[in-house]
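> Quick one: structure below, then a few questions.
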Amino acid sequence: MPGIRLDSVSKVYDGDHLAVDELSLEVADGEFMVLLGPSGCGKSTVLRMIAGLERITAGDLWFGRTHANRLQPKDRGVAMVFENGALYPNRTVRENIMFPLLVAGEEPAEASVKAAELARILGIENAIDQFPWTLSGGQRQRVAIGRAIVRRPEIFLMDEPLSNLDATLRTELRQEIGAMSKDLKATTVSSPTITSKPSPWPTGSRSCATAGSRTPAPPSRSTPTRAPRSSQASWARRGST
Ligand code: ADP
Ligand code: MG
């Protein structure tokens with residue numbers, strides 16, 4: 001599995017809105033990284049640039065030794081889970097999870113076994129033949145995670161995957177996601193849900209405070225505002241939680 005490196009990566013929206021300012025970040029092979037920062041500071045933008053859903057304005061993105069700026073999303077080995085991981089409403093949990101395998105041409109019987117195994121790891125094996133509307137929010141999000149990782153991505157991205165859950169469930173699911181990503185050996189980058197009382201992230205995970213985005217420049221300005229050096233990414237290593 002490759003690590004991820006961002007070298008002075010910036011994103012400018014609409015010609016003058018500097019959303020990410022020269023972010024340099026290294027996520028080691030198999031590491032779990034949490035992007036921290038207030039709403040609007042560019043967490044989603046960073047994740048979307050890693051996934052290839054958003055073009056990088058400046059700087060370099062590396063997956064291991066591969067320069068990834070221009071790789072097609074489908075060629076990146078990346079899976080991403082969003083806040084509202086929408087499920088196929090007319091498919092069961094098992095069918096939702098195995099769907100990407102079927103699309104990739106895998107035999108249904110084999111895909112079904114893999115889906116069941118993943119459901120077990122995610123603690124939703126009892127709901128495997130249920131439809132999404134019968135599930136709790138936490139169960140639905142587990143299915144969305146299962147569907148994202150069933151093809152064993154090398155890089156796993158999560159954008160506030162737990163924001164719709166209550167605090168207890170969020171803490172529990174965070175620990176499970178941590179264990180699962182270790183199991184998968186996927187390099188994982190996640191943005192958390194900011195709450196007044198943050199709950200812990202998995203033991204051994206590392207967090208990175210992303211710099212805030214800049215106020216949109218006035219129309220007359222032709223170049224984006226540069227963030228002061230002090231607001232560049234800073235680091236904190238988490239010992240235990
Ligand atoms: P976060 O995920 O940390 O809340 P975002 O990455 O969503 O932050 O947004 C960072 C900044 O970029 C914000 O100022 C936001 O308004 C802006 N932004 C995000 N997406 C777009 C877009 N598609 N077009 C223009 N501006 C955007
Ligand atoms: Mg966001």
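The values are calculated or read from the model by the stated rules, or taken from the named source; none is laboratory data. Because the structure is predicted, anything quoted here is derived from the model rather than measured. All Cβ positions, even for glycine, are placed from backbone atoms using ideal geometry, and neighbour counts span all protein chains on display.
> Working only within segment 129-155, note down all residues that are over 16 Å from residue 85 (Cα atoms) and within 24 Å of the chain's Cα centre (by Cα).
Within segment 129-155, 151, 152, 153, 154, 155 meet the criteria.
> Is it the case that residue 19 is in contact with a helix residue (DSSP H, G or I) (Cβ under 6 Å, 6 or more places away or on another chain), part of a strand (DSSP E or B) and over 27 Å from residue 123 (Cβ atoms)?
yes
> Conditions first: (1) at pLDDT 80 or above; (2) outside the structural domain of residue 26 (by TED's automatic domain parsing); (3) of a type outside the set (Asp, Glu). Residue 162 passes all but one, so which condition is the exception?
Residue 162 satisfies every listed condition except (1).
> For segment 15-53, enumerate the residues that are touching a residue at least 24 places away in the same chain (Cβ under 8 Å), more than 13 Å from ligand 2 (Cβ to nearest atom) and among the charged types (D, E, K, R).
Those that are touching a residue at least 24 places away in the same chain (Cβ under 8 Å), more than 13 Å from ligand 2 (Cβ to nearest atom) and among the charged types (D, E, K, R): 16, 21, 22, 29, 31.
> So which residues in segment 1-32 are crowded, with 19+ Cβ neighbours inside 10 Å and of a type in the set (Ser, Thr, Tyr), if there are any at all?
Result: 10, single match.
> Would you pick out the residues in segment 21-49 that are within 12 Å of ligand 1 (Cβ to nearest atom) and closer than 17 Å to residue 80 by Cβ?
35, 42, 43, 44, 45, 46, 47, 48, 49
> Can you find, within segment 49-104, the residue that is modelled with the lowest pLDDT among those that are surrounded by fewer than 18 Cβ atoms within 10 Å (Cβ to Cβ), of a type in the set (D, E, K, R) and in a helix (DSSP H, G or I)?
Taking the candidates together, the pick is 74.
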